[in-house]
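Below is one structure, written out as structure tokens, with a few remarks after it.
The values are calculated or read from the model by the stated rules, or taken from the named source; none is laboratory data. Computed from a prediction, not measured in an experiment: that's the story for all the values here. Note that each Cβ is placed from the backbone with ideal geometry, even for glycine, and that neighbours are counted across all protein chains shown.
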Amino acid sequence: MSEANEQAYREAKKLYAKHGVDVDAALEKLAGIKISLHCWQGDDVKGFLFRDKTLSGGIAVTGSYPGRASTPGELRADLDKALSLIPGKHKVNLHAIYADTDENVDLDRLEPRHFRGWIDWAKERGLGLDFNPTLFSHPKAEDGFTLSHTDPEIRKFWIDHCKASRRIAETFGRELGQPCVTNHWMPDGFKDTPVDRWSPRARLRDSLDEIFAEPIDEACNIDAVESKLFGIGSESYVVGSHEFYMGYAMSRGKAICLDAGHFHPTEVISNKLSSILMFTDQLLLHVSRPVRWDSDHVVTMDDELLEIARELVRGDLLPRTHIGLDFFDGSINHIAAWVIGVRNTQKALLRALLEPIEQLKQIEAEKDYTSRLALVEEFKSYPFGAVWDYFCEQSGVPVREDWLNEVKTYEKEVLQKRGQESGVLQ
């Protein structure tokens, strides 16, 4: 530990202690929060199961930054590099199209053995794995409908895929000793205003009921359902709306996934957290940054991220919340995007953990709103950065922007050679 960082940490502790904040306890809690790194940032959502397919289902990645992963081994190496620059022990979130296999297998026939490389890799590193069925970029999803499709054969294909995904996730949880969160999102919807909003939702409800009817060990697998307001090709109507999934999850005992980018551009999810968890046991949180629409930008420490963190900490909601990232930016270094996103999420959580919450609640109960506002604002400039630097150094990862040097070196020594060796412009 450098003398300068340790001294700054000791001085910060003194300031926080004046308000009853236990900084060591805050860092211990932060170290136990797992954040799930989404694998699809590493290769622009290409996957490995159908290498010749283009993105569909309202998903688009802009930018062509060189060096994206094109094999499971490359993607795992990139994740290793990113995780080495992030304090704490975390998870990795896989989509079904990231199967590590040479077999010619379709989505509805996937099995745990097709992910053996991922399981062994995660087990060796003490990581958890999360999972997602992939209901896009497939011929049976080309018209924009999957689990709510009018064709029963197409619906059956997607139902079987989701069932297979849950079995894979259960294996992840069992072998890795920590629950796998399986998130179900599908792009179903209309570009223009439909006449019949009811029937697609009835079909989606029935499809989900059939998927979840198969018994799964809930100690190994946690099911979540994810809503969306609109997307490319579903601007006017999304079958799986927020209200649909809120009702479904609450009535079926499933977790609700709130994605920060899946609502109206002026709508935020921070104010929804306490309401949702008032009536559900668990929540999946996808941390993203929308810019005018669900454009999945790299997470910055903006006002909404800070407010999400405060809500989770102030309401003691962290034990029931699973946090994962969800963005795909092909315009910058893929590894840097992960590091920036996770470290910003951790910084926001740390800032919330360093608030004098009980003192603020007492002041609020006494209706001293002047003091409440004054203290909340003053704490925004308290030296959380000194605490963060100490946490990073204590965790054996680079302090401040020093991590960027390692990413640049990795880019020069590894990423830039990928396109040259394959002879393909990535």
Quick one: count up the residues across region 170-193 that are surrounded by fewer than 21 Cβ atoms within 10 Å (Cβ to Cβ) and not polar (S, T, N, Q).
7
Residues of region 90-108 satisfying the condition of being touching a Gly at 6+ places or on another chain (Cβ under 9 Å) and either part of a helix (DSSP H, G or I) or on the phi > 0 side of the Ramachandran plot (or both):
Ala96, Ile97, Tyr98
Among (1) touching a residue at least 24 places away in the same chain (Cβ under 8 Å); (2) in contact with a helix residue (DSSP H, G or I) (Cβ under 9 Å, 6 or more places away or on another chain), Glu235 falls short only on (2)
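Okay, residues lined up against (1) surrounded by fewer than 17 Cβ atoms within 10 Å (Cβ to Cβ); (2) under 20 Å from Ser227 (Cβ atoms); (3) in contact with a strand residue (DSSP E or B) (Cβ under 9 Å, 6 or more places away or on another chain):
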residue	(1), (2), (3)
Asn93	no, yes, yes
Gly126	yes, no, no
Pro133	no, yes, yes
His138	no, no, no
His149	no, yes, no
For region 181-201, which positions are of a type outside the set (D, E, K, R) and either assigned to a loop (DSSP other than H, G, I, E, B) or more than 16 Å from the chain's Cα centre (by Cα) (or both)?
Trp185, Met186, Pro187, Gly189, Phe190, Thr193, Pro194, Val195, Trp198, Ser199, Pro200
Any hit, region 252-263, residues being of a type in the set (Asp, Glu), over 22 Å from Arg351 (Cα atoms) and either out of contact with any Cys (no Cβ under 7 Å at 6 or more places or on another chain) or at pLDDT below 95 (or both):
no
Among the residues of region 273-284, is there at least one that is more than 20 Å from Tyr245 (Cα to Cα) and of a type in the set (A, V, I, L, M, F, W, C)?
no
Run down Leu94, Leu75 and say which single residue is under 18 Å from the mean Cα position of the chain (by Cα), modelled with pLDDT of 95 or more and more than 25 Å from Lys408 (Cβ to Cβ).
Leu94
If only one of Lys367, Lys408 is charged (D, E, K, R), outside any helix (DSSP H, G or I) and modelled with pLDDT of 95 or more, which one is it?
Lys367
Can you pull out the residues in region 16-43 that are aliphatic (A, V, I, L, M) and surrounded by fewer than 14 Cβ atoms within 10 Å (Cβ to Cβ)?
Ala17, Ala25
Being farther than 26 Å from Glu6 by Cβ and buried (at least 16 other Cβ atoms within 10 Å of the Cβ) narrows Glu355, Glu304, Glu364 down to just Glu304
Reported set for region 314-351 where residues are more than 15 Å from the chain's Cα centre (by Cα), surrounded by fewer than 22 Cβ atoms within 10 Å (Cβ to Cβ), under 25 Å from Glu377 (Cα atoms) and touching a residue at least 12 places away in the same chain (Cβ under 8 Å) is Arg314, Gly315, Leu317, Lys347
Inspect region 214-225 for any residue being surrounded by 17 or more Cβ atoms within 10 Å (Cβ to Cβ) and closer than 22 Å to Pro194 by Cα and give the result as yes or no.
no
Determine whether region 109-129 contains at least one residue that is closer than 29 Å to Tyr237 by Cα and at pLDDT 95 or above.
no
In region 235-292, anything among the aromatic types (Phe, Trp, Tyr) and surrounded by 13 or more Cβ atoms within 10 Å (Cβ to Cβ) is listed as Tyr237, Phe244, Tyr245, Tyr248, Phe263
Residue, farthest from the chain's Cα centre (by Cα), within region 367-379, restricted to residues that are surrounded by fewer than 14 Cβ atoms within 10 Å (Cβ to Cβ) and within 12 Å of Glu355 (Cβ to Cβ)
Glu378
Pairs, please: C-beta under 7 Å, at least 6 apart or cross-chain, first residue of a type in the set (Lys, Arg) and in region 13-38, second buried (at least 17 other Cβ atoms within 10 Å of the Cβ)?
Lys13/Val23; Lys29/Leu353; Lys34/His90; Lys34/Lys91; Lys34/Gly128
Please enumerate the residues belonging to region 93-109 that are free of Cβ contacts under 8 Å to residues at least 60 places away in the same chain and out of contact with any Phe, Trp or Tyr (no Cβ under 7 Å at 6 or more places or on another chain).
Thr101, Asp102, Glu103, Asn104, Val105, Asp106, Leu107, Arg109
Selection from region 46-72 of residues β-branched (Val, Ile, Thr) and either modelled with pLDDT under 75 or crowded, with 22+ Cβ neighbours inside 10 Å (or both) yields Thr54, Ile59, Val61, Thr62
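State whether one or more residues within region 291-300 are part of a helix (DSSP H, G or I), more than 19 Å from Thr182 (Cα to Cα) and at pLDDT 95 or above.
The first filter runs over region 291-300 and keeps only residues part of a helix (DSSP H, G or I), leaving none.
No, every residue in region 291-300 fails to be part of a helix (DSSP H, G or I), more than 19 Å from Thr182 (Cα to Cα) and at pLDDT 95 or above.
How many of the residues making up region 109-140 are assigned to a loop (DSSP other than H, G, I, E, B) and small (Gly, Ala, Ser)?
Adding up the residues that qualify gives 2.
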Index of the failed condition, Val397 passing every other in (1) of a type in the set (A, V, I, L, M, F, W, C); (2) in contact with a Pro (Cβ under 9 Å, 6 or more places away or on another chain); (3) surrounded by fewer than 22 Cβ atoms within 10 Å (Cβ to Cβ); (4) assigned to a helix (DSSP H, G or I):
(4)
